[in-house]
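Values quoted throughout were computed directly from the atomic coordinates according to the rules given, and no laboratory measurement underlies them. Fair warning: this is a prediction, and the values are worked out from it, not measured in the lab. All Cβ positions, even for glycine, are placed from backbone atoms using ideal geometry, and neighbour counts span all protein chains on display.
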Amino acid sequence: MLIQLSVTPVGTGEETKEITTKMMRIIKMSELNYQLTSMGIIIEGDWDELIALARKCHEEVKKYSQRVVTSMIIDDRKDLSNRLKNNVLDVEYAFGDTLETNGLTS
């Protein structure tokens, strides 16, 4: 299962990198495969792991902001694993060349 997670503090100003860093420590400690993007984080795991992790991230950001907006997109497919990397590799293969993936497929 993949989850695209975006946790946004509201009312803390334009710069959110310090708060995002605190959240990323939680994600890194989870030892789940993830890919940080400029618009959110994509994480691979099972339902219970991902929902618990999303909640921890939301609660962490909430410590630093009066309001938090959390968005999740869940892609649940039973028959495949390692989709975080393999989905990108499949597109690169079909494209016939490497694409900019910030080292995900390197």
Once normalised by the length of region 2-95, the mean sequence separation of its alpha carbon contacts under 8 Å that are 6 or more apart gives a contact order in percent of 45
Per-residue Cβ contact counts at 10 Å, fewest first, order Leu53, Leu32, Leu2, Leu99 as Leu99, Leu32, Leu2, Leu53
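Can you count the Lys pairs in the chain whose Cα atoms are under 13 Å apart, with each pair 8 or more apart or on different chains?
So the count works out to 4.
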Among Ser71, Asn87, Val10, the residue whose Cα sits farthest towards the positive end of the charge dipole of the chain (+1 at Cβ of Lys and Arg, -1 at Cβ of Asp and Glu, taken about the Cα centre) is Val10
A correct fewest-to-most ranking of Ile3, Ile26 by other Cβ atoms within 10 Å would be Ile26, Ile3
The exposure ranking of Asp75, Asp48, fewest beta-carbon neighbours within 10 Å first, is Asp48, Asp75
The simple spin-label model distance between Asp75 and Val91, using points 7 Å out along Cα→Cβ, in nm, is 0.8
